[in-house]
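Undergrad: One structure coming up, written as structure tokens, with questions to follow.
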Amino acid sequence: MITIKDIAKEAKVSEGTVDRVLHNRGGVSKKTEAKIKKILKHHDFSVNPIASALAMKNKYFIATLIPEHNDLDLFWKSPYLGVLKAAEDVKSFGVQVTNFSYNQYDPKSYLDTFNALIEGKPTAVIMVPNFSAETKKIVNQLEALNIPYLFVNIDIDGFNNIGFVGQDSYNAGYIAGKLMHLSLPKPSAFLIIQARHNITKNNAVSNRIKGFNDYFTKNNVDSTTQTLKIENLGSSTETKQKINSYLKIHPEIKGVFVPSSRIYIVVNSIEDDYLKKLEFIGFDNTPQNIACLLNDSVSFLISQKPFDQGYEAIRLLTEYLLKNEITNPKHYVPIDILIKENVKYNERNEFTEADK
């Protein structure tokens, strides 16, 4: 017997898009709707009203706890869009998704937002564990209530999360080290610019730095790394002063590694005389970072597929709720190396692509 999954595969769309056409929910282009209806008619497909009713009766509520995004930090927009897209696709399984966002620099915002989230009595929670101490408090409460939880983007050991969706941050940093070495094969000094020091303990950033340094150590490369820690990258005056002063004192620096999505701030803060002499490697294909790649300020960006992180987290947790199992607890997204010549192929219309 043909299923919605079969229809979706034949139409080359998501199951959620087929479901929207079946139940006249809208949000699908006329061209795609006509194609799906033609396939449905060809297979004489009709919705089983009893199965549909049972699915909608068996409600699950997934709550997501992820950082908010803004014009200066657009990275978290992509996971959010992934969550929205997946939410549409799992509706037909009786799964409802609600997002709660917090200030990623404020542990109080993190806890306060969780307290609002838990009042809704979620069936399961997807979270980005930005703050270790506060995460312990949150996890203790979830486990006391027998609520399963899954980590996204940042993986912290020592917890009973049912899974993790994100990049292998250590390997991503290791690859960044290799790219820097390939760009500057002669013995050189490299600068790691680390933001948010003493504000959060971001495991992903720490692992990238470790991977970057380990590349040179494990391969006996005669190059050295130095670290500049800046409390607030958002302060342009402080950032410009600290970076340019450091580069003036350390003319031996040949490359700069920024293990976060804010390399564009670093690039825009550096004086032109220094900018022309340095190789830059950073993370994430935000619009500002892509602009730096296209104007040759940045040599490489490493993408961690943020849209896929949000989407896959919802998919995996839905699988767990429906089957009481998870096939791939550690779901690592691809480590994509972006350069000026291929970055345009990495972009996607993230929320509406299934509706074209």
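Undergrad: Determine, from the Cβ-Cβ distance of Lys59 and Lys30 and an R0 of 35 Å, the FRET efficiency 1/(1 + (r/R0)^6), rounded to the nearest 0.05.
TA: Values: r = 31 Å, r/R0 = 0.89.
Given R0 = 35 Å and the Cβ-Cβ separation, E is 0.65.
Undergrad: I've got another one for you. Could you give the nm distance between label points at Thr224 and Glu252, where each point is 7 Å from its Cα heading toward the beta carbon?
TA: The two pseudo-label positions are separated by 0.3 nm.
Undergrad: In whole Hz, with x marking every Gly and Pro, tabulate ³J(HN,Hα) for the range 204-211 from phi via Karplus 6.51 cos²θ - 1.76 cosθ + 1.60, θ = phi - 60°.
TA: 4, 5, 4, 5, 5, 5, 4, x
Undergrad: Using 13 Å as the cut-off for backbone N distance, which residues of the range 305-328 belong to the label zone defined by a point 7 Å from the Cα of Asn160 along Cα→Cβ?
TA: Flagged as within label range: none.
Undergrad: Ok, one more. With a cap of 13 neighbouring Cβ atoms within 10 Å, and only residues DSSP puts in a loop, list the GluC sites (Glu not before Pro) found in the range 306-336.
TA: Values: sites: Glu312, Glu319, Glu325; in loops: Glu325.
Answer in residue order: Glu325.
Undergrad: Given a cut-off of 28 Å, name the pairs among Lys229/Lys276; Lys31/Lys85; Lys31/Lys323 whose C-alpha atoms lie farther apart than that in the structure shown.
TA: Numbers: Lys229/Lys276 22 Å; Lys31/Lys85 19 Å; Lys31/Lys323 35 Å.
Over 28 Å Cα-Cα: Lys31/Lys323.
Undergrad: More than 17 Å apart: what percent of Cα pairs in the range 277-320 qualify?
TA: Values: 433 of 946 pairs.
Result for the distance tail: 46 percent.
Undergrad: Residue by residue through the range 299-309, what is 3J(HN,Hα) from phi via Karplus (6.51 cos²θ - 1.76 cosθ + 1.60, θ = phi - 60°)? Round to whole Hz and write x for glycine and proline.
TA: So the Karplus estimates, Gly and Pro as x, are 7, 9, 10, 10, 8, 10, 6, x, 4, 5, 4 Hz.
Undergrad: Now for a separate question. So how much slack lies between Lys276 and Ala291, counting 0.36 nm per residue of separation and subtracting their Cα-Cα distance, in nm?
TA: Working: separation 15, 0.36 × 15 = 5.40 nm, distance 1.62 nm.
Fully extending the segment from Lys276 to Ala291 adds 3.8 nm.
Undergrad: With every protein chain kept in the model, how would you rank Ile62, Ile2 by accessible area, 1.4 Å probe, largest at the top? Mind dumping the intermediate values first?
TA: Details: Ile62 0, Ile2 45 Å².
I get Ile2, Ile62, largest accessible area first.
Undergrad: Calculate the translational D of the chain in whole µm² s⁻¹ from Stokes-Einstein, where the hydrodynamic radius comes from the Kirkwood formula applied to all Cα pairs, the temperature is 25 °C and the viscosity 0.890 mPa s.
TA: Values: Rh = 22.1 Å.
Here the translational diffusion coefficient equals 111 µm²/s.
Undergrad: While we're here: Run the reach check for Lys9 against lysines, Cα to Cα strictly under 16 Å, same-chain hits fewer than 8 apart removed. What comes back?
TA: Answer for Lys9, where 16 Å is the Cα cut-off: Lys35, Lys37, Lys38, Lys41, Lys356, listed by chain and number.
Undergrad: Right, next: Under the classification rounded if a/c is under 1.5, otherwise prolate if a/b is larger than b/c and oblate if not, where does the range 70-218 fall, given a ≥ b ≥ c as square roots of the Cα gyration tensor eigenvalues?
TA: Prolate, since a/c reaches 1.5 and a/b exceeds b/c.
Undergrad: As a test, work out the antiparallel percent of DSSP beta bridges whose residues both lie in the chain, rounded to the nearest 5. The partial results should precede the final answer.
TA: Details: 4 of 42 bridges.
Antiparallel bridges make up about 10 percent of those DSSP assigns within the chain.
Undergrad: Looking at the range 53-158, send over the antiparallel percent of its DSSP beta bridges, to the nearest 5. Spell out each step's value before the answer.
TA: On the way: 1 of 16 bridges.
Among the beta bridges of the range 53-158, antiparallel pairing accounts for roughly 5 percent.
Undergrad: Calculate the radius of gyration of the Cα atoms of the range 116-187 to one decimal place, then report Dmax, the largest Cα-Cα distance, as a whole number, both in Å.
TA: In order Rg, Dmax, the Cα atoms of the range 116-187 give 17.4, 58 Å.
Undergrad: Compute the long axis of helix 107-118 from its Cα atoms, compare it with the longest principal axis of the Cα atoms of the chain, and write down the angle in degrees, 0 to 90, nearest 10.
TA: Roughly 10 degrees, rounded to the nearest 10.
Undergrad: Sum -39500 (n - 2.57) across every DSSP H segment of at least 4 residues in the chain, then divide by the residue count to get the 222 nm mean residue ellipticity, nearest 500.
TA: Working: 15 runs with 162 residues, N = 356.
The helix contribution divided over the chain gives -13500 deg cm²/dmol.
Undergrad: Just the accessible area for Thr327, please: 1.4 Å probe, Å², rounded to the nearest 10?
TA: Rounded to the nearest 10, that gives 100 Å².
Undergrad: Using 0.36 nm per residue of separation minus the Cα-Cα distance, give me the extension gain between Glu10 and Lys121 in nm, one decimal.
TA: Taking 0.36 nm per residue and subtracting the Cα distance, the gain is 36.2 nm.
Undergrad: In terms of Cα to Cα distance under 17 Å, which aspartates and glutamates are near enough to Lys248, apart from those fewer than 8 places away along the same chain?
TA: Result set, ordered by chain and number: Glu238, Glu271, Asp272, Asp273, Glu279.
Undergrad: Hey, can you grab everything whose amide H is under 5 Å from the amide H of Leu233? Only 5+ residues off in sequence or another chain; H modelled, so Pro and N-termini drop out.
TA: Arg196
The values are calculated or read from the model by the stated rules, or taken from the named source; none is laboratory data. Fair warning: this is a prediction, and the values are worked out from it, not measured in the lab. FYI the Cβ positions are ideal-geometry reconstructions off the backbone, even for glycines, and counts take in every protein chain you see. For the accessible areas, the whole protein counts, side chains as well, though only heavy atoms, and no ligand, DNA or RNA atoms are used. Shrake-Rupley method; radii C 1.70, N 1.55, O 1.52, S 1.80 Å.
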